[in-house]
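Asks: Take this structure, written in structure tokens, and hold onto it; I'll ask about it next.
The values are calculated or read from the model by the stated rules, or taken from the named source; none is laboratory data. Computed from a predicted model, the values in this text were never measured in an experiment. Methodologically, a virtual Cβ is constructed for each residue, glycine included, from the backbone with ideal geometry; neighbour enumeration extends over all protein chains shown. These accessible areas exclude ligands, DNA and RNA; they are computed on the full protein's heavy atoms, side chains included. Shrake-Rupley method; radii C 1.70, N 1.55, O 1.52, S 1.80 Å.
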Amino acid sequence: MKKQYYILIIFSLVILMNSCKEEFDYNQMTDGLERLVVEGYITDIDSVHTIRIMKSSDFINPQPPIPAQGAVVNVSDGTNLFSFSEIDPGIYKNNQFFKGEVGKTYILNIVYENETYTAESKLSPCFEIDNAAVVWEDSINYVFLSGQEPAEKDQFYILKTTVNGVLNDTLANWSYFSDDLINGIYFNFELVAMFEGNETDTLDISLYSVSKEFFEYFTSIVNNTSYEPDPFFSTTPANFKGNISNGGLGFFQASSVRKQKCVRF
């Protein structure tokens, strides 16, 4: 009886394995995987803003991303229309300085190879920084902030650092936090970031307000790509959908920004 029981189990497993097998189709795996990938930011700093547009590479045959040249790009705030021109392959900048306004929703529109891609992002208020300080200990720079966190709930922030005049603009060097536990409170030199460095480093910080969607998008990339050099434009499986329509990848984000020099203690 026991022998028959084991034979029955083995027979059932063979049937299950055969029923789950599918023929691997390379063309099906790769067909249509080339996607438009967008990385764009609008801020409340009166400046030239940048929209970067590329085409993703094949998962089976990964190649460097290809610039999406010749696109028609503009951003609207519902009243004004801002045109962007291609200054380098795949790099688009607005023709005139403008600054985003808190509370307004910005709509990105891209026309590329007869396809239209859109995204929108509301510009939220930022944490108002009064002071920033840095303390060095055992090869680590600890960054502290004082200032008022906005009363609005569900605020999310990305913090970037500039060390000795060089912006550390890679995912590994971004810090991030939300107002889940700090909504509306006043910071009195609270710890917000730490990173390796030297005691003599000069440090500036830039704090960006971001949407919940961007916060989740960014943290998903951080948790799943091990800080790839360029995860926004890596091979298809490492890309996360973001807020670009029509099957596009990447993200368009409007942010309020606050900059501050750190005093060293």
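Asks: What are the ³J(HN,Hα) values, in whole Hz, obtained from phi via the Karplus relation 6.51 cos²θ - 1.76 cosθ + 1.60 with θ = phi - 60°, for each residue of region 160-167 in sequence order, with x given for Gly and Pro?
Replies: 10, 10, 10, 10, 6, x, 10, 6
Asks: Taking region 110-265 on its own, what percent of its Cα-Cα pair distances exceed 25 Å? The partial results should precede the final answer.
Replies: Values: 4444 of 12090 pairs.
Distances greater than 25 Å cover 37 percent of the Cα pairs.
Asks: Average projected area of the Cα convex hull of region 85-180, in nm²? Numbers along the way, then the final one.
Replies: Working: hull surface 38.9 nm².
Convex hull of Cα atoms, orientation-averaged projection: 9.7 nm².
Asks: To the nearest 20 debye, what charge dipole does region 127-206 have about its Cα centre, counting +1 at the Cβ of each Lys and Arg and -1 at the Cβ of each Asp and Glu? Present the calculation step by step, with values, prior to reporting the outcome.
Replies: Working: 2 positive and 15 negative charges, 24 e Å.
Once rounded to the nearest 20, the dipole reads 120 debye.
Asks: Select from region 75-166 those chymotrypsin sites (Phe, Trp or Tyr not before Pro) which occupy a DSSP coil region and have at most 14 other Cβ atoms within 10 Å, ordered by residue number. Numbers along the way, then the final one.
Replies: Values: sites: F82, F84, Y92, F97, F98, Y106, Y112, Y117, F127, W136, Y142, F144, F156, Y157; in loops: F97, F127.
In loop regions of region 75-166 (DSSP not H, G, I, E or B), the sparsely surrounded chymotrypsin sites (Phe, Trp or Tyr not before Pro) are F97.
Asks: Determine how large the accessible area of K55 is when every protein chain is in place; take a 1.4 Å probe and give Å² rounded to the nearest 10.
Replies: Using a 1.4 Å probe on the heavy atoms, I get roughly 30 Å².
Asks: At 1.4 Å probe size, what's the solvent-accessible area of K259? Round to the nearest 10 Å².
Replies: K259 exposes around 120 Å² with every protein chain in place.
Asks: Between V210 and residues 5 or more places away or on another chain, which pairs have amide H atoms under 5 Å apart, with H built 1.01 Å from N, and which residues are they?
Replies: F156, Y157, I158
Asks: What is region 104-205's relative contact order, in percent, from Cα pairs under 8 angstrom and six or more apart in sequence?
Replies: 29
Asks: Give a residue-ordered list of calculated ³J(HN,Hα) values for region 79-85 (Karplus: 6.51 cos²θ - 1.76 cosθ + 1.60, θ = phi - 60°; whole Hz; x for Gly, Pro).
Replies: 10, 9, 10, 10, 8, 10, 10
Asks: When Lys and Arg each count +1 and Asp and Glu each count -1, what net charge do the other residues less than 13 Å away from F144, Cβ to Cβ, add up to? If you can, show how the numbers build up before the last one.
Replies: Numbers: positive: R264; negative: D130, E137, E190.
That sum, taken over residues with Cβ under 13 Å, equals -2.
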